[in-house]
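Take a look at the structure set out below.
The values are calculated or read from the model by the stated rules, or taken from the named source; none is laboratory data. Since the model is a prediction, treat every value here as computed from it, not as a measurement. Glycine also receives a Cβ, built like all others from the backbone with ideal geometry; neighbour counts cover every protein chain displayed. When the accessible area is computed, the model is the full protein with side chains, heavy atoms only, and any ligands, DNA or RNA have been set aside. Shrake-Rupley method; radii C 1.70, N 1.55, O 1.52, S 1.80 Å.
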Amino acid sequence: MVPYLLTGLSVLVAGIIHWNAPRTFWKATLMSTAVILLLSVAALFIFEASGMLNSQQAGETPDLSGYLMYITALVSFFGLLVSLFVGWFLRVVRH
(Lines give C-alpha, C1' and ligand atoms only; values in the text may rest on other atoms or scores of the structure.)
Protein backbone atom coordinates (compact mmCIF):
# COMPACT_ATOMS: atom_id res chain seq x y z
CA MET A 1 0.00 0.00 0.00
CA VAL A 2 2.89 2.38 0.75
CA PRO A 3 4.30 2.28 -2.82
CA TYR A 4 0.88 3.14 -4.24
CA LEU A 5 0.52 6.09 -1.88
CA LEU A 6 3.98 7.41 -2.74
CA THR A 7 3.40 6.97 -6.49
CA GLY A 8 0.09 8.80 -6.33
CA LEU A 9 1.66 11.57 -4.31
CA SER A 10 4.54 11.84 -6.82
CA VAL A 11 2.23 12.08 -9.82
CA LEU A 12 0.08 14.66 -8.04
CA VAL A 13 3.08 16.82 -7.08
CA ALA A 14 4.59 16.64 -10.57
CA GLY A 15 1.24 17.45 -12.18
CA ILE A 16 0.64 20.48 -9.98
CA ILE A 17 4.14 21.91 -10.47
CA HIS A 18 4.13 21.35 -14.24
CA TRP A 19 0.62 22.76 -14.58
CA ASN A 20 1.61 25.94 -12.73
CA ALA A 21 4.86 26.41 -14.69
CA PRO A 22 4.17 25.33 -18.28
CA ARG A 23 6.87 27.51 -19.90
CA THR A 24 9.81 26.37 -17.79
CA PHE A 25 9.86 22.62 -18.42
CA TRP A 26 13.30 21.77 -16.99
CA LYS A 27 12.99 24.08 -14.01
CA ALA A 28 9.60 22.55 -13.17
CA THR A 29 11.03 19.06 -13.69
CA LEU A 30 13.94 19.63 -11.31
CA MET A 31 11.73 21.36 -8.75
CA SER A 32 9.16 18.57 -8.76
CA THR A 33 11.95 15.96 -8.53
CA ALA A 34 13.30 17.69 -5.42
CA VAL A 35 9.84 17.95 -3.85
CA ILE A 36 9.11 14.29 -4.64
CA LEU A 37 12.44 13.28 -3.08
CA LEU A 38 11.80 15.23 0.11
CA LEU A 39 8.19 14.08 0.47
CA SER A 40 9.01 10.44 -0.27
CA VAL A 41 11.91 10.18 2.19
CA ALA A 42 9.89 11.98 4.86
CA ALA A 43 6.90 9.72 4.20
CA LEU A 44 9.06 6.59 4.48
CA PHE A 45 10.33 7.66 7.89
CA ILE A 46 6.78 8.56 8.98
CA PHE A 47 5.51 5.18 7.79
CA GLU A 48 8.40 3.47 9.57
CA ALA A 49 7.61 5.26 12.83
CA SER A 50 3.91 4.45 12.58
CA GLY A 51 4.54 0.74 11.97
CA MET A 52 3.17 0.57 8.43
CA LEU A 53 6.44 -0.96 7.15
CA ASN A 54 6.44 -3.93 9.53
CA SER A 55 7.34 -7.29 8.05
CA GLN A 56 4.38 -9.64 7.72
CA GLN A 57 6.34 -12.77 8.68
CA ALA A 58 8.65 -11.53 11.44
CA GLY A 59 6.78 -8.44 12.60
CA GLU A 60 10.02 -6.45 12.67
CA THR A 61 10.41 -2.82 11.71
CA PRO A 62 13.11 -2.31 9.03
CA ASP A 63 16.06 -0.02 9.72
CA LEU A 64 16.13 2.51 6.88
CA SER A 65 19.05 4.58 8.15
CA GLY A 66 21.67 2.17 6.80
CA TYR A 67 20.18 2.28 3.33
CA LEU A 68 19.44 6.02 3.17
CA MET A 69 21.89 6.71 0.31
CA TYR A 70 20.42 3.91 -1.84
CA ILE A 71 16.90 5.05 -1.05
CA THR A 72 17.77 8.65 -1.92
CA ALA A 73 19.36 7.67 -5.23
CA LEU A 74 16.48 5.42 -6.27
CA VAL A 75 13.79 7.89 -5.22
CA SER A 76 15.64 10.68 -7.06
CA PHE A 77 15.69 8.61 -10.25
CA PHE A 78 12.03 7.65 -9.80
CA GLY A 79 11.09 11.29 -9.14
CA LEU A 80 12.96 12.45 -12.24
CA LEU A 81 11.20 9.86 -14.40
CA VAL A 82 7.77 10.73 -13.01
CA SER A 83 8.45 14.44 -13.44
CA LEU A 84 9.61 14.00 -17.02
CA PHE A 85 6.67 11.82 -18.04
CA VAL A 86 4.02 13.94 -16.32
CA GLY A 87 5.56 17.15 -17.66
CA TRP A 88 5.76 15.76 -21.17
CA PHE A 89 2.17 14.50 -20.97
CA LEU A 90 0.86 17.88 -19.78
CA ARG A 91 2.90 19.64 -22.44
CA VAL A 92 1.36 17.46 -25.17
CA VAL A 93 -2.16 17.79 -23.77
CA ARG A 94 -1.94 21.59 -23.54
CA HIS A 95 -0.99 21.97 -27.21
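The table below lists the values:
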item: Any chance Leu6 is out of contact with any Leu (no Cβ under 7 Å at 6 or more places or on another chain) and not aromatic (Phe, Trp, Tyr); result: yes
item: Test: residue in region 53-69 that is in contact with a Ser or Thr (Cβ under 6 Å, 6 or more places away or on another chain) and open to solvent by less than 80 Å² (accessible area, probe 1.4 Å); result: yes
item: Cβ pairs under 6 Å, 6+ apart, first in region 20-42 and within 18 Å of Val75 (Cα to Cα) and touching a residue at least 40 places away in the same chain (Cβ under 8 Å), second outside any helix (DSSP H, G or I) and open to solvent by 20 Å² or more (accessible area, probe 1.4 Å); result: Ala28/Ala21
item: Conditions (1) open to solvent by less than 90 Å² (accessible area, probe 1.4 Å); (2) part of a loop (DSSP other than H, G, I, E, B); (3) modelled with pLDDT of 85 or more: number failed by Arg23; result: (1)
item: Flag if Leu80 is crowded, with 16+ Cβ neighbours inside 10 Å and within 15 Å of Gly8 (Cα to Cα); result: yes
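Conditions tested, residue by residue: (1) β-branched (Val, Ile, Thr); (2) over 10 Å from the mean Cα position of the chain (by Cα); (3) modelled with pLDDT under 90.
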position	(1), (2), (3)
Thr7	yes, no, yes
Ile17	yes, yes, no
Ile36	yes, no, no
Gln56	no, yes, yes
Val75	yes, no, no
